[in-house]
Structure formats: structure tokens, C-alpha cells
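Here the structure comes first, spelled out in C-alpha cells, and everything after it is commentary.
The values are calculated or read from the model by the stated rules, or taken from the named source; none is laboratory data. Keep in mind that what you see is a predicted model, and the values were worked out from it rather than measured. Neighbour counts are summed over all protein chains in view; Cβ atoms, including those assigned to glycine, are modelled from backbone coordinates with ideal geometry.
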Amino acid sequence: MNHQCTGYTTSTGMPRRRFLNQFGMGLGAVALSDLLKSELAADDPKEGAMAQLDHPAKAKRVIFLFQSGGPSQIDLWDYKPHLNKVQGEQLPEAIRKGQRLTGMSGNQSSFPLVGSPFKFEQQGESGQWMSELLPHTAGIADRICVINSMYTEAINHGPGVTFLQTGSQFPGRPSIGAWLSYGLGTDNQNLPSFVVMVTKNKGGQPLVSRLWGSGFLPARHQGVRFRSGKDPVLYLNNPAGIDRASRKRMLDAIDALHQMQLEKQSDPLLETRIAQHELAFKMQASVPDVVDMSGESKETLEMYGPDVHRPGSFAANCLLARRLAEKDVKFIQLYHPGWDQHGGLPGGLRNQCRETDQPSAALVKDLAARGLLDDTLVIWAGEFGRTNYCQGKFSNGNFGRDHHPRCFSLWMAGGGVKPGGQYGKTDEFGYNVIENGVHVHDLHATLLHLLGINHERLTYRHQGRRYRLTDVHGEVVRGVLA
């Protein structure tokens, strides 16, 4: 029997689900139940598919600050003074080790090394090295854990971002937030369990909705995108001439028809549709409240920086992320594009940090001040790093860096993460990991562990096999746990 055809009709014209229910005095219904048991596993969106956590959770929610494009770890987090000493010399083959390069620099005849033009200093009692481009993040140095030994197989943006967001380089898998919604359910029945925001009016690599999609999981687990403007969620408001009472009567009538159908035959897709209608109606009241920042204090607004007054800016989205965390939204994803500095890196990177440094630090401080940081995991990361050599020509201090998957940096804070330290090391050229490498699957395994989940147990049966966020890999990075 074809698992994928349970919604189609038989050769007699009878709907396949009805046929299975009636066939063999109901034996067909047993087969159908087995085929749909994955869909039925999380009928109650509040509870989720996991009957209980595998171990006590340190984090209740996640805020992922995704820096799309690949921030240069060499110019921000991973201090490499040796590169400044050998600037202009060629990348040694013993260091490159035959690694494949992108088509953007693979045809270069030379690979001149370039050190960072930015000053680094040790920050906080932990003594973490940080670039001068991050003065505000330097102020939370003792609250964050910087991992300098991340690595990935993806060398281009599409596969790289998809890998970080779904655990696979290929499109079609559920995103992190969808997995958490499916596994853990929601703690707030009036808001989505998974919310997405993208910085407004930013160039850079395209960010498509499949990055926060549900893949083969039920559709109710996909991320809901919040936009700036009068309609934060598309198609949520009532059409002209339709008031809230009329909408409620319409939904009640539709629900009554659905319930009549459910009395005849269980249908997980129909139950999902009912739940989505109910949530949308509740969101008409809850969304305007959560996006209304008029009640925020002057001190709070100043902490996030001047851009906080521009709806859709990274700063405004960071503040909204804190408000959503207060409402117990499970997974909050912020995308900030523009980190793809193949040329003009000194100026481009400075602008990116101006937009993100203060709001990122403010979010951590704001969560801590409100007692939310202890059970909120904050992650700041891109899809890969940048090369230690110059892409193109080095001219008058201006240069670019190509994509580099063999090592990059990210930081985490709160939610059971060990504060104030760096984990993992790269060689003096900033090209290869030499200690405590952390793969993308390891990051995902650690994220799930902090939420109380054994990453090997959160699975979903699809097309004859069980899938999970970490595929068949992944180890919890114990060295970053508090």
C-alpha cells in the first residue's frame, strides 16, 4: 500500500480513507491508523509528541539570532595575530590540505593571507578576545560562550543556511523550530510556538520560507512570520466589512461542520485545520498586544539603540523577541542578512556590527534583568565562516574574504550554557580546527539536550524511515554546558 496516497480515491471512486475504514469490517482502519500514527502523535499541540522529557530541561525556549551570509570569524571572535605577521604571504598548501574552494576564488592564481585590520582586546573577567567592532557584546563577555571550532560541509549559502536551519543541506526537511513545536508543543495557546522575523530592507542572500517550514511534519508546526507594519501576520485581520463577532460566527459554523465529519471518521488533517482556525482567531487579539511597544520604558529602548524605533530593524526585532519570550513562545528566529563580504569587508563588516552589536547585547542583558536568561537559550551564528586569504586583490587596505566551512565561530548564552569562556581552537592561520571541533549536528544535539530532549529520540516516520534533526550523527557538546 502506498503510504503517500491515503488521501486519494480508489478505482471505485470511493475516498481511500473511507474505503480503508469499511474494508474488512474495519481492519482497514487499523492499517490506516498505523499509516497515520506519526500525524496522530501530537494531536494536542500543547503537549507535543514527546510524552515526557528525557531529562530535566535547562532551557524552556530558544532565540536564534541568525546572521545570514557568513560573518568573518577572523575579524570578530577568533583572534589570529599570526596572520598579521605573515600578511601578503601565500596560504601554505600544508594548511590548505587540498580543500575545495568556491568558484569565486578557486580560479585565483594566488591566495595572499590577510590579517584582521581591527584591534582585538580581552574582555571581562573571562578574558575573551573580541574585536573592536563589538563594544557592546564585549560588555556581556562573561555571560556568553564563544565556540570558535564550528565546522560544516556546506560551502555555499543555500546549502549552508539550509543545513544550519534544518540539519540537512537539501531542502524539504523540517526546521529546528518545527521540530521543537512538534516535540514540545506550546506553552501559550494564543500565539504560535514558532515565530520568525527578518530584518527589513536588507540586501544579501535570499531567505525563503522553507527555512522555517515544517517539511514533512504537520503544517501547524511551521514558523509564522511576523512583519513590520499594521499587519504583522499576513491575512490575520478580518476583511473590510467583517467584524470580530461575524468572524467568530463563521468559524463556529465551519467548526460544527468539521465536527460532524470527525464523528464519522477521524482525520488528523482536519483536526489540524480546526486548531489553526482557532489559533488564528486568538491571534487577532494577542498579536497586536505583543507587538505594541508603547509601554516599554525609555531606558529599555535606549539600551537596544536608536534603530529600535524603526519597525523591522534588527534592534526592533530583538526587542520583540524578548516580548515573545515573556509570552513563552518556544522558538523565536531572527534573520539578519548582509554578512557576505566578498569585497569591501572593512566597511561592510563595520556596518553589519553597527546594526547588530548593541541590540544583541541588549537582548541578553534585558532577558537577564527580567529573570528570563536562565531558561532562555540565545544563539548568535551564521552558516559558515570566511577565508584567511584575500578574495581578489588586496588594495589600499580594502579586501574581501570567501566562504570558509572548515571553521567558524558562534556564541550562546543562557539556558544551561557555561558563561564566560571560549570553546575549541583553530590553528594559528585560522584555517583548520585543531581542538574540540563542533559539527552542525553537534550544535543541534546540544540545543535539544538543553531543552530536555535526547536528540536520537525525537523522530518522525516519513516514507518508510524515521527522521530526526541530527540525521544519524551528532554528539552533545558537554564542554559548553554549565
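Below, the figures for the structure above:
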item: Some residue of region 346-369 being more than 30 Å from Leu301 (Cβ to Cβ) and either hydroxyl-bearing (Ser, Thr, Tyr) or at pLDDT 95 or above (or both); result: yes
item: Residue match in region 223-242 (condition: in contact with a Ser or Thr (Cβ under 7 Å, 6 or more places away or on another chain) and either surrounded by 11 or more Cβ atoms within 10 Å (Cβ to Cβ) or closer than 21 Å to Gly177 by Cα (or both)); result: yes
item: Counted residues, region 67-104 - those being assigned to a loop (DSSP other than H, G, I, E, B), under 13 Å from Tyr389 (Cα atoms) and either free of Cβ contacts under 8 Å to residues at least 60 places away in the same chain or more than 29 Å from the chain's Cα centre (by Cα) (or both); result: 6
item: So Val476, is it touching a helix residue (DSSP H, G or I) at 6+ places or on another chain (Cβ under 7 Å), more than 21 Å from His136 (Cα to Cα) and buried (at least 23 other Cβ atoms within 10 Å of the Cβ); result: no
item: Matching residues, region 215-253, being modelled with pLDDT of 75 or more, over 24 Å from Ala49 (Cβ atoms) and in a helix (DSSP H, G or I); result: Ala245, Arg249, Ala253
item: Test: residue in region 48-70 that is at pLDDT below 90, surrounded by 20 or more Cβ atoms within 10 Å (Cβ to Cβ) and more than 20 Å from Ala381 (Cβ to Cβ); result: yes
item: Residue match in region 423-430 (condition: surrounded by fewer than 20 Cβ atoms within 10 Å (Cβ to Cβ), β-branched (Val, Ile, Thr) and touching a residue at least 12 places away in the same chain (Cβ under 8 Å)); result: no
item: Residue that is farthest from the chain's Cα centre (by Cα), among those in region 462-482 that are more than 18 Å from Gln165 (Cα to Cα) and assigned to a loop (DSSP other than H, G, I, E, B); result: Gly464
item: Top-ranked residue in region 446-461 [being part of a loop (DSSP other than H, G, I, E, B) and not small (Gly, Ala, Ser); ranked as surrounded by the fewest Cβ atoms within 10 Å (Cβ to Cβ)]; result: Arg457
item: Looking only at region 384-426, and only at residues there that are in contact with a helix residue (DSSP H, G or I) (Cβ under 7 Å, 6 or more places away or on another chain) and of a type in the set (Phe, Trp, Tyr), the one that is farthest from Leu447 (Cα to Cα); result: Phe399
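Yes or no, residue by residue, for (1) modelled with pLDDT of 95 or more; (2) of a type in the set (A, V, I, L, M, F, W, C); (3) under 22 Å from Ile453 (Cα atoms):
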{"position": "Trp129", "(1), (2), (3)": "yes, yes, no"}
{"position": "His136", "(1), (2), (3)": "yes, no, no"}
{"position": "Ile140", "(1), (2), (3)": "yes, yes, no"}
{"position": "Ile176", "(1), (2), (3)": "yes, yes, yes"}
{"position": "Trp212", "(1), (2), (3)": "yes, yes, yes"}
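Every residue, every condition in (1) within 30 Å of Ser109 (Cα to Cα); (2) in contact with a Gly (Cβ under 8 Å, 6 or more places away or on another chain), yes or no:
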| residue | (1), (2) |
| --- | --- |
| Gly382 | yes, yes |
| Phe408 | yes, yes |
| Leu443 | no, no |
| Leu450 | no, yes |
| Tyr460 | no, no |
| Val477 | no, no |
| Leu481 | no, yes |
